[in-house]
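Following: one structure in structure tokens, then a few remarks.
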2 protein chains.
Amino acid sequence: MSVITIERKILEKNDEIARQNRARLTEHGVLALNMVSSPGSGKTSLIERTLEHLNGKLRVAVIEGDVHTSLDAERIARYRVPVVQIVTHGGCHLDAHLVAEAMTKLDLTRLDVLIIENVGNLVCPANYDLGEAMKVVIISTTEGEDKPLKYPAMFRQAAVLVINKVDLLPYLDVRLRVLKQNALCINPSLTVFETSCTTGMGITRWCDWLLMTVARGVKTRGE
Amino acid sequence: MSVITIERKILEKNDEIARQNRARLTEHGVLALNMVSSPGSGKTSLIERTLEHLNGKLRVAVIEGDVHTSLDAERIARYRVPVVQIVTHGGCHLDAHLVAEAMTKLDLTRLDVLIIENVGNLVCPANYDLGEAMKVVIISTTEGEDKPLKYPAMFRQAAVLVINKVDLLPYLDVRLRVLKQNALCINPSLTVFETSCTTGMGITRWCDWLLMTVARGVKTRGE
């Protein structure tokens, strides 16, 4: 029982710091996206394609969360945007405190969008609010149709679903329609994008949505 | 600090039950495999192909671990082997206690192999010994070359690596050689298999190894 109490206390403390992060982001009009997915679904590639496509139209910074290595931060740094690497050293998710620390390294007055790439894990990051405006869950077609049903918490928490690697569909026994249906069955209010970071398919639509969301000033969850 | 202490106590308790599980499995000469991977790497498909290929040559039972749903257990049950479903209801890993409970539903005297399919998560299950003889980590080629470097704990803990979905390599910007090198750099003693559950490639080699391992009586880790 004590474990449950302490777990709850950790989450309460996390939520308190998340509220502070959200207040700071709102104050500076920064749209923060918490990108969550399994390992290898293409989060980093999607960020790379997004930065390429936006090509300076928005001022973007990236916080990279990884269990080990700074490989992803190095990939993103090539796009000449501010990048902060958080290495969790075995930790299975980012938390609001780690993000608060990372945010101190960024000049929020010069940002439109803060992309937070979470640790590749479709389970644990669902429980941790980082102060983001919304969670964006990425799933690759190769992961199979049933994943939204098997890992519902993440799909329930997210505002946006990006179905990535659609270029591989011809080679898979996966029906895009069913994958989408399963996700919408868990969360009917999901905004869904279909992308391929290899061919570039869907990147324009996703970036247009991002530009529109920033323009509309939909900056924080629950406002 | 109290959190760390309690976490340690949980792991100590887990390891104690894992030792009991291992002792029971050894007593009955059952080879237990703890199958770990990201969601959607093909764990269930690999188990299906294994059961098909073995075609009764070994007496196998399966424990299915899922966050939600019993979809995988239903898939495995078609192969007319004993299946026990564990639903963790949000829990991000199996633990030794859950497996001990599941084992009470199985007649160990009539088994050669117990396959435990863990929750799809490349981080947390690395910390939990279930009493298995060995961890088998599955990675699909679509997850990218860098995953062993980014999630080293799991690759360090495993005795066997199965690289699945090799049929998709022609459509990916992933070099099998580099993926394998990265894994062996983390853990040089890994036994590596390359498989495609779609084409059946590599399944014979994997099953031959399984038959040989059972025949040799390499039944528990550290014996």
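The values are calculated or read from the model by the stated rules, or taken from the named source; none is laboratory data. Being a predicted model, the structure only gives us computed values, none of them experimental. When we count neighbours, we look across all protein chains shown, and the Cβ atoms used for this are built from the backbone with ideal geometry, even at glycine.
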Top-ranked residue of region B:210-221 - restricted to ones that are assigned to a helix (DSSP H, G or I) and touching a strand residue (DSSP E or B) at 6+ places or on another chain (Cβ under 9 Å), ranked as farthest from the other protein chains (Cβ to nearest Cβ): B:VAL214
Residue within region A:80-102 that is within 19 Å of A:SER45 (Cβ to Cβ), surrounded by fewer than 23 Cβ atoms within 10 Å (Cβ to Cβ) and either of a type in the set (A, V, I, L, M, F, W, C) or more than 16 Å from the chain's Cα centre (by Cα) (or both) present: yes
Within region B:46-66, tally of residues that are farther than 17 Å from B:ILE86 by Cβ, within 14 Å of chain A (Cβ to nearest Cβ) and surrounded by 20 or more Cβ atoms within 10 Å (Cβ to Cβ): 2
Meets criteria (away from chain B (no Cβ under 14 Å) and modelled with pLDDT under 95) for A:GLY91: no
Among (1) assigned to a loop (DSSP other than H, G, I, E, B); (2) touching an Asp or Glu at 6+ places or on another chain (Cβ under 8 Å); (3) not β-branched (Val, Ile, Thr) - the single one B:GLU64 does not satisfy: (1)
Total residues in region A:160-207, condition small (Gly, Ala, Ser) and farther than 18 Å from A:LYS135 by Cβ: 3
Selected residue (criterion: nearest to the chain's Cα centre (by Cα)) from residues of region B:129-141 that are more than 16 Å from B:GLU64 (Cβ to Cβ) and not hydrophobic (A, V, I, L, M, F, W, C): B:LYS135
Condition met for B:GLU132 (charged (D, E, K, R), buried (at least 24 other Cβ atoms within 10 Å of the Cβ), closer than 23 Å to B:GLY56 by Cα and modelled with pLDDT of 95 or more): yes
Hits in region A:37-58 - residues which are without any contact (Cβ under 8 Å) to a residue 40 or more places away in the chain and of a type in the set (Gly, Ala, Ser): A:GLY56
Given (1) among the β-branched types (Val, Ile, Thr); (2) assigned to a helix (DSSP H, G or I); (3) out of contact with any Gly (no Cβ under 8 Å at 6 or more places or on another chain); (4) over 22 Å from B:ASP173 (Cα atoms), index of the condition A:VAL84 fails: (2)
Scan of region A:95-143 for residues that are polar (S, T, N, Q) and farther than 30 Å from A:LEU168 by Cα, ordered by number: A:THR104, A:THR109, A:ASN127
Condition broken by A:VAL60, with the remaining ones in (1) closer than 26 Å to B:TYR151 by Cα; (2) under 16 Å from the mean Cα position of the chain (by Cα) satisfied: (1)
In region A:28-45, the residues that are of a type outside the set (Gly, Ala, Ser) and either more than 14 Å from chain B (Cβ to nearest Cβ) or part of a strand (DSSP E or B) (or both): A:HIS28, A:VAL30, A:LEU31, A:LEU33, A:ASN34, A:MET35, A:VAL36
Test for B:ARG110: is it in contact (Cβ under 8 Å) with a residue 24 or more places away in the chain, over 30 Å from A:SER70 (Cβ atoms) and either in contact with an Asp or Glu (Cβ under 6 Å, 6 or more places away or on another chain) or within 13 Å of chain A (Cβ to nearest Cβ) (or both): no
Every pair of residues 6+ apart whose Cβ atoms lie under 9 Å, when the first sits in region B:4-30 and is of a type in the set (A, V, I, L, M) and surrounded by fewer than 19 Cβ atoms within 10 Å (Cβ to Cβ) while the second is in a helix (DSSP H, G or I) and modelled with pLDDT under 95: B:ILE6/A:SER2; B:ILE6/A:VAL3; B:ILE6/A:ILE6; B:ILE10/A:VAL3; B:LEU11/B:ASN127
Qualifying residues in region B:93-113 (those that are touching a Gly at 6+ places or on another chain (Cβ under 8 Å) and part of a helix (DSSP H, G or I)) - the one nearest to B:VAL123 (Cα to Cα): B:ALA96
Top-ranked residue in region B:67-79 [being surrounded by 20 or more Cβ atoms within 10 Å (Cβ to Cβ), touching a helix residue (DSSP H, G or I) at 6+ places or on another chain (Cβ under 7 Å) and within 30 Å of B:ASN55 (Cβ to Cβ); ranked as farthest from the other protein chains (Cβ to nearest Cβ)]: B:ILE76
